[in-house]
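Asks: First the structure, then my questions, so here it is.
Every read-out reported here was derived from the displayed coordinates using simple, explicitly stated rules and does not represent laboratory data. In this text, all values refer to a predicted model and were calculated from it rather than measured experimentally. Cβ: placed from backbone, ideal geometry, glycine included. Neighbour counts: every protein chain shown.
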Amino acid sequence: MTNMDLKLRSRRLRKNEVIRSLVQETVLSPAQFIAPVFVHEGNEPEIKINSMPGIYQFSLDRVLKHIEELCKNEIKSIILFGIPNLKDKEATSAFNERGIIQRANKKIKEAFPDVLLVNDTCLCEYMEHGHCGIVLGDEVLNDPTLDVIKKTAVSQAVSGADIIAPSGMMDGMVAVIRNALDQNGFQDVAIMSYAVKYASAFYGPFREAAESTPQFGDRKSYQMNPANKREAICEALTDEKEGADIIMVKPAMPYLDIISAVKEKVNLPIAAYNVSGEYSMIKAAAQNGWIDGNKAILEMLIGIKRAGADIIISYFAKDILKILNNLK
Ligand code: PBG
């Protein structure tokens with residue numbers, strides 16, 4: 001083939017940065033990120049998380065400065081995780097009106113009324129055994145757990161949460177939360193359901209961050225088998241019917257096909273959780289000089305969006321604006 005015969009040349013649209021941007025299909029914007037934030041009950045302003053360089057547990061006072069920092073970087077949505085002093089078998093600190101999350105909600109809403117405040121509604125951080133529900137013997141009980149989740153969700157709404165995000169993978173959790181919120185006058189509080197949550201090794205670093213490692217067994221009796229895709233659709237449709245406003249898929253990177261499949265079937269916004277292990281892998285490789293961290297971060301996040309995520313929950317949220325500006 002001679003040059004003259006070559007009419008179709010895709011490279012025309014790759015000639016320079018301006019034309020490449022002009023035809024770019026997927027764009028990252030800080031507006032579509034949610035930053036996870038850990039608050040602990042002690043006085044230590046920040047406690048380092050060894051397995052997640054750059055991520056901290058903050059005290060109630062110090063967390064405000066962190067949120068101010070996030071706002072400067074155009075991150076206006078956060079998801080809060082609490083590390084309580086007291087763990088027991090009924091997760092009482094999860095729904096205590098003086099609990100860590102409830103106090104944090106009030107403080108944050110007072111200081112930053114415009115920040116969108118999501119609460120993770122799970123019990124594992126509040127249970128001495130680290131499981132996401134009420135345990136009998138070695139079983140995690142579904143229906144008794146729903147009562148605790150319900151109380152927790154209402155107490156989170158009372159203290160200022162805009163969005164309730166149940167992550168315990170109990171059957172019926174969205175329906176009971178919707179009912180309880182409505183009965184208590186919180187019709188406007190939304191539910192972002194961890195509808196499609198796999199039993200994943202990529203949560204390892206989070207469990208150090210949130211001090212929530214199960215003390216026996218694993219979470220396979222409630223979180224999904226990574227081998228299953230049709231089950232993901234079933235979970236997503238169930239939660240849509242039960243009244244979820246946003247459907248989450250978690251983790252993100254090893255589950256892009258799932259994000260894409262769920263997006264096809266569900267008409268609600270899709271959130272993807274770019275989890276702790278995905279963060280730590282990139283951080284570790286970048287610290288060793290094995291990959292260009294910033295470029296890898298953007299490539300990973302754009303992949304998650306391209307797969308169909310409308311919203312990304314990521315520990316990199318705080319860095320997005322800087323990375324986007326520096327790489328221009
Ligand atoms: C609570 C919860 C977990 C994560 C979010 N909420 C841990 C788990 O299910 O073990 C993981 C988040 C991450 O790894 O970044 N159940």
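Asks: If the viscosity is 1.306 mPa s and the temperature 10 °C, what translational diffusion coefficient in µm²/s does Stokes-Einstein give for the chain when Rh comes from Kirkwood over Cα pairs?
Replies: 77
Asks: Another question about this same structure. Percent antiparallel among DSSP beta bridges with both residues in the range 28-326, to the nearest 5? Spell out each step's value before the answer.
Replies: Values: 6 of 39 bridges.
Beta bridges within the range 28-326, antiparallel portion: roughly 15 percent.
Asks: Another question about this same structure. May I ask for the angle, rounded to the nearest 10°, between helix 62-72 and the longest principal axis of the chain, with both axes built from Cα atoms and the value confined to 0 to 90°?
Replies: That helix lies at roughly 30 degrees to the long axis.
Asks: For the range 155-170, just list the computed ³J(HN,Hα) in residue order, Karplus coefficients 6.51, -1.76 and 1.60, θ = phi - 60°, integers in Hz, with x standing in for Gly and Pro.
Replies: Whole-Hz 3J(HN,Hα) from phi for the range 155-170: 5, 5, 5, 4, 8, x, 5, 8, 9, 9, 10, x, 10, x, 6, 8.
Asks: Follow-up question, since we're still on this one. What spacing in nm lies between the two simple spin-label points modelled at ASP61 and GLU90, each 7 Å away from Cα in the Cβ direction?
Replies: For ASP61 paired with GLU90, the spin-label model returns 3.3 nm.
Asks: May I pose another question? Quickly work out the ALA201-to-LYS265 label distance, labels modelled 7 Å from Cα along the C-beta direction, and quote it in nm with one decimal.
Replies: So the label points at LYS265 and ALA201 sit 2.7 nm apart.
Asks: A follow-up question, please. Within the range 19-91, what percent of beta bridges assigned by DSSP are antiparallel, to the nearest 5? Walk me through the numbers on the way to the answer.
Replies: Numbers: 3 of 11 bridges.
Counting only bridges with both partners in the range 19-91, antiparallel ones make up about 25 percent.
Asks: With runs of 4+ DSSP H residues as the only contributors, calculate the mean residue ellipticity of the chain at 222 nm using -39,500 (n - 2.57) per run, divided by the residue total and rounded to the nearest 500. The partial results should precede the final answer.
Replies: On the way: 12 runs with 127 residues, N = 328.
Taking each H run of at least 4 residues, the total per residue is -11500 deg cm²/dmol.
Asks: Just to confirm the number: angle between the C-alpha axis of helix 100-111 and the first principal axis of the chain, 0 to 90 degrees, nearest 10?
Replies: It is inclined by approximately 60 degrees.
Asks: Follow-up. Could I have the simple spin-label model distance between ALA285 and GLU25, label points 7 Å from Cα toward Cβ, reported in nm to one decimal?
Replies: Roughly 2.3 nm, to one decimal.
Asks: How much length is gained if the chain between ARG230 and ASN179 is pulled fully straight, taking 0.36 nm per residue apart and subtracting their Cα-Cα distance, in nm to one decimal? Don't jump to the answer; show the numbers that get you there.
Replies: Values: separation 51, 0.36 × 51 = 18.36 nm, distance 2.77 nm.
Here the answer is 15.6 nm.
Asks: How many angstrom lie between the C-alpha centres of the range 1-48 and the range 236-266?
Replies: Between the Cα centre of the range 1-48 and that of the range 236-266, the gap is 22 Å.
Asks: Considering only C-alpha atoms, what is the centroid distance from the range 62-133 to the range 157-216, in Å?
Replies: 12
Asks: Rounding to the nearest 20 debye, state how big the charge dipole of the chain is about its Cα centre with +1 on each Lys and Arg Cβ and -1 on each Asp and Glu Cβ. Before the final figure, lay out each step's value.
Replies: Numbers: 39 positive and 42 negative charges, 328 e Å.
Charge dipole, the chain, about its Cα centre: 1580 debye, nearest 20.
Asks: Now, a different point. With charges only on Cβ, +1 for K and R and -1 for D and E, what is the dipole size of the range 227-275 about its Cα centre, in debye, rounded to 20? Please list the in-between numbers first.
Replies: Working: 6 positive and 8 negative charges, 32 e Å.
Approximately 160 debye in magnitude.
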